[in-house]
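S.K.: Submitted below is the structure of interest, expressed as structure tokens.
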Amino acid sequence: MGLSLLTVCYLIGSVTFIIGLKMLSHPETARRGNLLAAAGMTIAIFGTIFLYEEEGVRLGNYPWIFGGLILGTVIGLLAAKKVKMTAMPEMVSLFNGMGGACAALISVIEFGHLAHLINAGNLTDIHKGTLLTIFLGLIIGAVSFAGSMIAWGKLNGRIRDFAFKGQQVFNLFLLAAILTGAGYLLMTLNGSNYALFYVLAAASLVYGVLFVLPIGGADMPVVISLLNSFTGVAAACGGFLYDNQVMLTGGILVGAAGTLLTILMCKAMNRSLTNVLIGSFGGSTSGTAVKGDAGGVYKEISIADAAVCMAYAHKVIIVPGYGLAVAQAQHVCHELEKMLEDKGVEVTYAIHPVAGRMPGHMNVLLAEADVSYDKLQEMEQANDQFRNTDVVLILGANDVVNPAAKTDPASPIYGMPILEVEQAKTVIVNKRSMKPGYAGIENALFFQPKTSMLFGDAKAALQQLVSEIKSL
Amino acid sequence: MDSILGWIQTHIEMIYIVILSIFLGIEVIGRVPSVLHTPLMSGANAIHGVVIIGAIIVMGKVEPGNYAALIIGFLAVVLGTLNVVGGFVVTDRMLEMFRKKK
């Protein structure tokens with residue numbers, strides 16, 4: 001009775017995960033989808049605690065289990081409630097690392113359970129299959145944990161990019177060594193060499209660190225998404241280990257979805273995944289900034305002129321970028337939008353797919369500032385409208401509006417879809433300086449006659465703009 | 001060779017689940033608008049927290065005297081719970097903002 005009830009719990013869990021993910025794909029149902037998956041997870045967890053039995057024996061150690069659950073819930077709730085919206089990506093990375101570590105620790109304990117069999121030399125083929133999943137869970141989980149921690153550190157600025165000569169070769173060598181080591185251990189495991197398992201664990205941690213370290217901070221979203229799918233696979237290994245369908249479905253679903261999401265992110269940046277992972281793009285190319293032939297004179301605009309320019313326009317499109325996120329200027333931005341609307345100006349936002357720190361991040365930030373969902377336009381929509389737009393205000397975005405992506409085949413960003421802001425009548429660019437953006441290239445847009453530069457921190461500049469428009 | 005075939009034989013249902021889930025995962029995510037990518041990633045992140053179930057099983061099977069395993073298992077339960085609870089709550093917070101209109 002208990003066990004068949006548990007099977008039903010797992011079935012419900014698996015189905016809620018699938019439907020939950022599906023509902024997450026529409027803005028109206030997304031929130032319910034998330035809650036549905038959470039409900040399914042709760043059922044699966046409590047089903048396991050109270051109904052699981054193996055050869056007629058129920059689970060024990062309830063104080064430990066509930067202690068862990070309560071402690072984890074309290075810390076998780078506090079962390080998730082307190083985190084700032086701009087710090088969301090690193091929070092996701094942190095939680096992802098926790099899942100990876102959990103998978104790796106499970107492997108460590110399960111390996112310990114097999115240790116006495118190993119010592120007695122009583123391993124059968126069935127045990128080898130179990131060992132294989134234990135090894136996979138350990139390696140993938142450990143890599144995901146270590147990598148996520150580095151990604152977390154990079155996003156909040158605690159860890160700098162670090163690369164040494166031949167690092168890629170060394171990484172490949174290390175990965176090969178881990179895999180061969182695991183294979184060798186699997187074949188020959190006996191009482192004398194089983195301590196090598198822990199060496200394998202340590203090597204996987206080192207690999208996770210070295211794998212993420214050379215990748216530029218701006219590429220972290222791609223890396224987090226990739227590690228997210230790794231953890232999914234590590235969880236699925238647990239599914240094999242315990243013949244547990246809900247772990248398997250949940251893990252593989254995330255593994256597959258995460259991989260696709262990673263590829264989608266790369267596509268939006270017009271780069272291949274290999275390029276992100278091996279190229280250590282952020283580190284190497286930003287140093288050797290490509291000098292475009294666009295260099296020349298740019299003109300500055302004063303706050304007052306910019307305010308007048310926008311207040312008397314019919315239609316203004318705001319293009320938010322990474323700079324807006326860093327300056328945390330989303331609230332002031334919304335204020336500016338309301339102010340302009342009061343003056344009868346039509347205001348919308350054009351969101352490039354990779355604006356901000358991860359795809360969709362900019363939408364979350366603007367939503368936090370109460371910007372209405374229907375004011376946000378996706379790239380294709382916006383590109384149709386720039387031609388009828390009086391003023392485009394670019395806030396800390398650079399590469400996503402660089403016309404070189406369309407016109408200059410030699411440019412590293414050539415082919416990337418961009419927001420075609422140069423079709424508008426006037427372009428005002430707010431940036432902190434003339435420094436090139438993340439791709440390390442000049443932007444010809446800034447030197448066009450219709451473009452004016454408004455230097456300064458996005459938040460400060462917007463505040464001044466708001467008070468200026470107020471006094472008009 | 002025999003051992004590999006035997007392993008496939010005993011896990012054939014699981015292997016079916018894996019293959020179908022891969023296609024399902026790709027299919028379900030394929031239609032997500034880029035606006036929702038961050039919440040989706042976060043939601044998926046919470047779902048792989050299902051690994052907590054493995055931690056609970058492992059924890060519940062440890063003999064009460066085995067403190068090393070108890071402590072590691074306890075840690076696994078805490079980390080897994082963090083992943084689940086934190087993941088779902090963060091996702092909910094993100095999505096809550098999308099709902100507010102006007």
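S.K.: For A:A350, what residues show an amide H to amide H distance below 5 Å, using hydrogens built from the backbone and excluding near sequence neighbours?
M.R.: A:I318, A:V319, A:Q377
S.K.: Something else: Which net charge results for the neighbourhood of B:M59, defined as the other residues with beta-carbon distances under 15 angstrom from its beta-carbon, given Lys and Arg at +1 and Asp and Glu at -1? Present the calculation step by step, with values, prior to reporting the outcome.
M.R.: Working: positive: A:R58, B:K61; negative: A:E53, A:E54, A:E110, B:E63.
Net of charged neighbours comes to -2.
S.K.: Excluding A:F386 itself, calculate the net charge of residues whose Cβ lies under 15 Å from the Cβ of A:F386, where each Lys or Arg counts +1 and each Asp or Glu counts -1. Before the final figure, lay out the partial values.
M.R.: Working: positive: A:K315, A:R387, A:K406, A:K425, A:K450; negative: A:E346, A:E378, A:E380, A:D384, A:D390, A:E420, A:E422.
Overall, the nearby charge balance is -2.
S.K.: Assuming a ≥ b ≥ c are the square roots of the Cα gyration tensor eigenvalues, decide whether segment A:1-82 counts as rounded (a/c under 1.5), prolate (otherwise, with a/b larger than b/c) or oblate.
M.R.: Numbers: a/c = 4.78, a/b = 1.33, b/c = 3.60.
Oblate, since a/c reaches 1.5 and b/c is not below a/b.
S.K.: In the calculated pair distance distribution of segment A:299-470, what percentage of Cα-Cα distances lie above 27 Å? Before the final figure, lay out the partial values.
M.R.: Details: 2132 of 14706 pairs.
Summing the P(r) of segment A:299-470 above 27 Å gives 14 percent of all pairs.
S.K.: Between segment A:173-221 and segment A:302-341, how many Å separate their Cα centres?
M.R.: 50
S.K.: Per-residue HN-Hα couplings for segment A:18-33, Karplus 6.51 cos²θ - 1.76 cosθ + 1.60 at θ = phi - 60°, whole Hz, x for Gly and Pro?
M.R.: 3J(HN,Hα) across segment A:18-33, in whole Hz: 5, 5, x, 4, 5, 5, 5, 8, 10, x, 6, 9, 4, 5, 5, x.
S.K.: Right, here's the next one. Can you pull out the chymotrypsin sites (Phe, Trp or Tyr not before Pro) in segment B:11-102 whose DSSP state is coil and whose Cβ has at most 10 other Cβ atoms within 10 Å? Let's see the in-between values first.
M.R.: Numbers: sites: B:Y16, B:F23, B:Y67, B:F74, B:F88, B:F98; in loops: none.
Taking segment B:11-102 and a limit of 10 other Cβ atoms within 10 Å, no loop chymotrypsin sites (Phe, Trp or Tyr not before Pro) are found.
S.K.: Could you pull out the pairs from A:K81/A:K154; A:K343/A:K406; A:K81/A:K338; A:K343/A:K459 whose alpha carbons sit more than 24 Å apart here? Could the numbers behind the result be given before it?
M.R.: On the way: A:K81/A:K154 22 Å; A:K343/A:K406 35 Å; A:K81/A:K338 28 Å; A:K343/A:K459 21 Å.
Correct reply: A:K343/A:K406; A:K81/A:K338.
S.K.: Just to check I understand the Karplus step: with θ = phi - 60° and J = 6.51 cos²θ - 1.76 cosθ + 1.60, what whole-Hz values come out for segment A:61-73, glycine and proline as x?
M.R.: So the Karplus estimates, Gly and Pro as x, are 6, 3, x, 5, 4, 5, x, x, 4, 5, 4, x, 5 Hz.
S.K.: Which of the trypsin sites (Lys or Arg not before Pro) found in segment A:28-101 are loop residues per DSSP with 13 or fewer other Cβ atoms within 10 Å of their Cβ? Write down the numbers at each step before the final one.
M.R.: Values: sites: A:R31, A:R32, A:R58, A:K81, A:K82, A:K84; in loops: A:K84.
Hits after loop and neighbour filter: A:K84.
S.K.: Which of B:V62, B:S34, B:M14 sits closest to the plus end of the dipole of segment B:1-101, meaning its Cα is farthest towards the positive end, when Lys and Arg get +1 and Asp and Glu get -1 on the C-beta?
M.R.: Checking the options against the dipole of segment B:1-101, the answer is B:S34.
S.K.: Name the residue farthest towards the positive end of the dipole of chain A from the options A:L366, A:N398, A:A355, assuming +1 on Cβ of Lys and Arg, -1 on Cβ of Asp and Glu, about the Cα centre.
M.R.: Going by the Cα projections, it comes out as A:N398.
S.K.: Per residue of A:55-61, count partner chain C-beta atoms within 10 Å of its C-beta, then hand back the mean as an integer.
M.R.: Values: counts 0, 0, 2, 1, 7, 6, 13.
Mean partner-chain Cβ count within 10 Å for A:55-61: 4.
S.K.: Karplus couplings for segment A:225-235 from phi (6.51 cos²θ - 1.76 cosθ + 1.60, θ = phi - 60°), rounded to Hz, Gly and Pro as x?
M.R.: 4, 5, 5, 4, 6, 4, 4, x, 5, 4, 5
S.K.: Just to be sure I follow the definition: excluding the sites themselves, where is the longest run in chain A that has none of the GluC sites (Glu not before Pro) in a DSSP loop with at most 14 other Cβ atoms within 10 Å?
M.R.: The longest such stretch corresponds to A:56-472.
S.K.: Give the percent of DSSP beta bridges with both residues in chain A that are antiparallel, rounded to the nearest 5.
M.R.: On the way: 2 of 27 bridges.
Rounded to the nearest five, the antiparallel share is 5 percent.
S.K.: Compute from the Cα atoms of segment A:17-173 the Rg and the Dmax, the latter being the longest Cα-Cα distance, and quote both in angstrom.
M.R.: Every Cα atom of segment A:17-173 included, Rg and Dmax give 19.9, 59 Å.
S.K.: Under the rule of at least 5 residues apart or a separate chain, name every residue whose amide H is placed under 5 Å from the amide H of A:K315.
M.R.: Residues meeting the criterion, in which the H sits 1.01 Å from N, are A:E346, A:D390, A:V391.
S.K.: Summing -39500 (n - 2.57) over the DSSP H runs of n ≥ 4 in chain A and dividing by its residue number, what mean residue ellipticity at 222 nm do you reach, to the nearest 500 deg cm²/dmol? Don't skip to the answer; put the middle values down first.
M.R.: Numbers: 18 runs with 286 residues, N = 472.
Computed mean residue ellipticity for chain A: -20000 deg cm²/dmol.
S.K.: Average partner chain C-beta neighbours within 10 Å, per residue of A:231-241? Could you put the intermediate results ahead of the total?
M.R.: Working: counts 6, 8, 2, 3, 10, 7, 2, 8, 8, 5, 3.
Counting other chains' Cβ atoms within 10 Å and averaging over A:231-241 gives 6.
S.K.: Relative contact order of chain A, please, whole-number percent, based on alpha carbon pairs below 8 angstrom and at least 6 residues apart. Working shown, then result.
M.R.: Details: 748 pairs, mean separation 62.6, N = 472.
Rounded, it is 13 percent for chain A.
S.K.: Where does the Debye-calculated log10 I(q)/I(0) of segment A:397-472 sit at q = 0.15 Å⁻¹, using only Cα point scatterers of equal weight, no solvent?
M.R.: Values, matching the q order: -0.56.
S.K.: So what's the Cα pair-distance distribution over segment A:179-229, bin width 10 Å, in %?
M.R.: Bins of 10 Å from zero give 22, 37, 24, 15, 2 percent of pairs.
S.K.: Measuring from the lowest to the highest alpha carbon on each principal axis, how far does the protein assembly as shown reach, largest first, in angstroms?
M.R.: Reported extents, whole Å, longest axis first: 83, 50, 37.
S.K.: Take the Cα atoms of segment B:34-102, find their three principal axes, and give me the spread along each one in whole Å, biggest first.
M.R.: 59, 18, 13
S.K.: Report the charge-dipole magnitude of the protein assembly as shown in Debye, nearest 20, computed about the Cα centre from +1 at each Lys and Arg Cβ and -1 at each Asp and Glu Cβ. Numbers along the way, then the final one.
M.R.: On the way: 37 positive and 38 negative charges, 192 e Å.
Computed charge dipole of the protein assembly as shown: roughly 920 debye.
S.K.: Averaged over A:106-119, how many beta carbons belonging to a partner chain fall within 10 Å of each residue's beta carbon? Mind showing how you got there, number by number?
M.R.: On the way: counts 13, 3, 7, 13, 5, 0, 6, 6, 0, 0, 0, 0, 0, 0.
Mean inter-chain Cβ contacts per residue within 10 Å come to 4.
Every number here is computed from the coordinates shown, using simple stated rules; none is lab data. As the structure is a prediction and not an experimental result, all values here were calculated from the model. A quick note on method: Cβ atoms are made from the backbone with ideal geometry, for glycine too, and the neighbour counts reach across all protein chains shown.
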